[in-house]
Structure formats: structure tokens, C-alpha cells
1. Filter region B:83-126 down to residues that are within 14 Å of another protein chain (Cβ to nearest Cβ) and free of Cβ contacts under 8 Å to residues at least 24 places away in the same chain and give me whichever is nearest to residue A:250 (Cα to Cα).
2. Check B:54, B:45 and return the single one that is modelled with pLDDT under 75, in contact with a helix residue (DSSP H, G or I) (Cβ under 7 Å, 6 or more places away or on another chain) and closer than 26 Å to residue B:93 by Cα.
3. What are the residues in region A:264-284 that are farther than 24 Å from residue A:30 by Cα and surrounded by fewer than 23 Cβ atoms within 10 Å (Cβ to Cβ), if any?
4. Mind checking which residues of region A:247-266 are within 13 Å of the chain's Cα centre (by Cα) and either more than 25 Å from residue A:115 (Cα to Cα) or within 10 Å of chain B (Cβ to nearest Cβ) (or both)?
5. Take residue B:84 and decide whether it is modelled with pLDDT of 75 or more, in a helix (DSSP H, G or I) and either under 20 Å from residue B:277 (Cα atoms) or touching a helix residue (DSSP H, G or I) at 6+ places or on another chain (Cβ under 9 Å) (or both).
6. So which of A:270, A:218, A:204 is within 12 Å of chain B (Cβ to nearest Cβ) and at pLDDT 80 or above?
7. Can you tell me which residue is modelled with the highest pLDDT among those in region A:17-34 that are surrounded by fewer than 19 Cβ atoms within 10 Å (Cβ to Cβ) and within 17 Å of residue A:80 (Cβ to Cβ)?
8. Exactly one of (1) under 30 Å from residue B:228 (Cα atoms); (2) within 14 Å of chain B (Cβ to nearest Cβ) is unmet by residue A:303. Its number?
């Protein structure tokens, strides 16, 4: 079973990568432990209070010891306790993650079909006017930061036309879907970048297939353009393009941090930026680790899916 | 070959490069407009603080009023016009510094990776790929969280997030150059590694490095503006286009200009830089 060996190998590599990233996360957040103490006791604390807090938090111990304690507990599912509010980090994440997953899933569901349609339309006749228009458009869209897209959408849809609320306030005791209009702006702002990225990748793949000898042969045989696309081009260009999914998940995770903060959407990204603001290190580390794991998992899955869809790599 | 000869061939090369950059083979109108917009925005960003004498942090009137000054006031009554003129400099400077650092380091590491033995190269590539996997925003947040309020931390963060891509690109181009034969010939006739890099590798990877620097600059502008938006780097009350967007969202219905002006500037900056970098890499690829 070659597939199983592949899956196991990739899974092992992903775990090694996750361990590597956990070092990056820990190192990046632990360089200045002095400020973590301030986050707990406040800026006006006396020297004794600060020293006591440092001892209680275990910040007087060597960095390596603290890393292995943190990573060891994380392996067992314990991400520590948030400084602010004193809740277990795992609980905070379990609270907020579903909201973000909903946002990301909706954005993906919008971005991927849109990207495929635009990419195929552009790549079907490379160099023609429609291709130039769509390619320039997707290039433009790729270069615009999410918070600018989000700001533009906010200005037009929420303030100009008053169609949706400008702030994503979740009704008390309910979820985001109890007030569906609040997800419109975050989802749209999140979807544009991955849609444009997907469109460019698929356009390249389709245009590449269009210039291959067997497509030329089919064309010379007199096959209709639409049938050529459906029967010969798409099956051979969408397989390689499966990696857009992994790419899109990465873009959406990065974007969610920004977009959720802008719209005050109660997701894990907004939680992360506020935790960075209050220097709540366990919360920052925990969320970063979970996001890294999700990114790696999505890459792993798209990698395996790509192998499954590519007939040359099947056995 | 005399010194004069080398100078003239070098000049001819520069002329050649300029010619390919200036001459057109696609719709020139869009490119000219883009270049103009880009230059104007960068000049406004860099020279803005000299254009106005007004203090961007002083309260001059009621909050979110559209009656005071050219662009009204922001949430605590500061003049938006002078904040706009002051708010671009750190974004452009951070992006430029980070691009310079990432390109220099990336070229050094990339050439090293490209010439190194396969196993060493594989390890370095795996490490850089690891950072590529990580969402750039997350890395930016983490690194900047370690040093709150410092623009230098943002430069460092932006450099580190863009560096892996540079190493990857330069590494693969160097590997191509190294397999071309003349590097082996140079090594065989006894040229030292430094000489080979200086005379055989660097001149041949210069084009792709330049194109890559353009793409790095696009990413750096994006991340620098984003850092401002997220409140990283030199903090309030200093003006920053990215942060002004976040600050002025609540007043967007009473004084839209306070929110729209920085939004349009970031949009113009990132879009023009993006199109120009794309054009640059298309030209380098054509050569």
C-alpha cells in the first residue's frame, strides 16, 4: 500500500514541522518575559509584587525547562491558563474556534468556485481580451491587503448602502448564525484574496493544458470549444490546482486575524490580536499553536488529495 | 581587457536594462498611470511631514467633524489632513528597510544554498519552507508582540517573514546557474569560491534578484501597513495610515474622509507597487 506509506510519511513530517513551529512560537513570545509580569500584576505593582508574580508564573526558571513544560503539556492537550481572566486557554479556544471555522468555511465555499470559474474563463483563451481583463483584475485583488478590502466593503455596503451592520455583534447567548447579516462583511473580505489567488493558479494550469499537443490534436479533430474544455482540459488541469485549497486555507487564517479584529467578530483571530495587545502569553502561544496545526493539517490533506487525483501517481 | 572596456560594457549593460524597463510591449497607459500613482503616493509618504507644519497629534476641534481643515477631524479631534501627511512615512521606510535587508540576506543565503551540497541545501530549504507555511500575519503578530511599540521590531518581523521566499527563489536560480558548466570550468581552473560567486554567479542571478526584490517590496508594504493597522510598531498617538483606518472606522458615517483618505492611500500604494513589481518580473523573465 503505497498510499498508506505516503500518508504516514507526510503525517510524520507534519508533526516534525509542528514541533519546529512550536519552538518558533515559544521563542518569539518569550524573549521579553518582563512584560508578561506587567500583564498580570499591572504597571503600578511594587517590586515585591512583581517578584512574587514572576515566581508564581515560573518565569524565573530556565527558558528550555519552560519550553519543554509548555510543549509537553500541549501534547497532552493542556495549553495552560490565560493571564487575563484566568480561564484555561483550551476553553477559550474551544469557545471561539467554531465561529472562526464557520467564517473560514463560508469564505472557502465562496472563494474556490469563484476562483475556478474566473481561472477557467481566463485560461480557456489565453492572451485574449477576457483573459487580460480577468488576469489584471485578479492581480490587482491579490495585492490589496484584507483590511483595505474589508474597509472598502464596510464603507460601501454598511455605511453607504446600509445593507449590513458594520460591526459583527453576536446576539447574547446565540451564535453568529442567529444574526446571519453579521457574517456577510467578514466572509466577503476574507474570500476575495484566496479567490484571486485560486483564479491565477487555475488560469496558469488551464492555459498550460490548452497549449499541450493532445489538446491541439483534439482541436484539429474539430471538437467544439466547450466540449474540449470539459472533456480534455478541465480533468487535467484541476488536479494539479488542488493545492489552491491549502493556499486558500493559509490565506484565510492570516486574513481572519485581521478581518475579525476589524469587525469585532468573536472568533479566534480577534482573540489572538487582543491577547497580543494585553500580552497574555499563554493565550497567544496556544492560539498560535492551534492555527499552525490547522495550517499544517490543511496542507497535509491537500497534498494527499492531490496525489489521489493525479492518475500518474496512483498505483 | 582594460578598465575602460569593462566600464563601457557595464554601461552598455545598464543601458540595455534601462531600455527593457522603459520600452513597452503591453498596454502602456495603465503602466504609466500606475507608475505615476506609485511615485505620488511614495513622495507624499516620505515628504508629507515637510509639507505641513501642523502637529498631527494635537486636538484642533470636535471629534469626527467634517468642517475643520481639508479632511475634517478624527475620533479625538485631530486634523486628518496633517495625520495623512505624517502617516505614510513609517510604512514606506519600514517596507524599504525590510526589503533591503531581506534581499541582501536572501541573496547571501540563497547563493549559499544554491552552491551547497544537496543535503545541506535540503535542510536549509526545509527550514525556510517551514516559515513559509506559517501565516505571515501570525509571525508578524508574534514577533512584534515581543517588542511592543518598536518600528525596528516590525522591520525585523517583515524581514523574517519575507526572507524565506527570497532564499527559495535565489537558491533555485543559483542552482540553475551552477549547473550551467561555466561555474564548473571556473572552479576547475582554480578560481576560489569568492571569485566564482563574485564573477560567475552574482551577475547571472542579478536579474531574478531584482525581480524578487520587487515582489518582496509588495509583501513588505502589505505587512508594514498591516502592522500599523494592528497597532504594532511605534504606537499611538503617532499617525500611521494603517492604524488610521482602524481608528476612524467608528466615525465613518459622520466624517467619512477620515476613514476613506488613509484607505485610498494604502490601496493606491499597495496596488501600484504590486502592478509595477509584476511588470518588472515579467520583463526579467522575458530577457
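The values are calculated or read from the model by the stated rules, or taken from the named source; none is laboratory data. What you see is a predicted model, and the numbers here were worked out from it, not measured in a lab. Here the Cβ is made from the backbone with ideal geometry for all residues, glycine too, and neighbour counts use every protein chain on show.
1. My answer is B:126.
2. Working: B:45 fails: modelled with pLDDT under 75.
So the residue among B:54, B:45 that is modelled with pLDDT under 75, in contact with a helix residue (DSSP H, G or I) (Cβ under 7 Å, 6 or more places away or on another chain) and closer than 26 Å to residue B:93 by Cα is B:54.
3. Going through region A:264-284, the residues farther than 24 Å from residue A:30 by Cα turn out to be A:264-267.
Scanning region A:264-284 gives A:264, A:266.
4. A:249, A:250, A:251, A:252, A:253, A:254, A:255, A:256, A:257, A:258
5. On the way: modelled with pLDDT of 75 or more: yes; in a helix (DSSP H, G or I): yes; either under 20 Å from residue B:277 (Cα atoms) or touching a helix residue (DSSP H, G or I) at 6+ places or on another chain (Cβ under 9 Å) (or both): yes.
Judged against the criteria, residue B:84 is a match.
6. Details: A:218 fails: within 12 Å of chain B (Cβ to nearest Cβ); A:204 fails: within 12 Å of chain B (Cβ to nearest Cβ).
Of the residues listed, the single one that is within 12 Å of chain B (Cβ to nearest Cβ) and at pLDDT 80 or above is A:270.
7. The residue in question is A:23.
8. (1)
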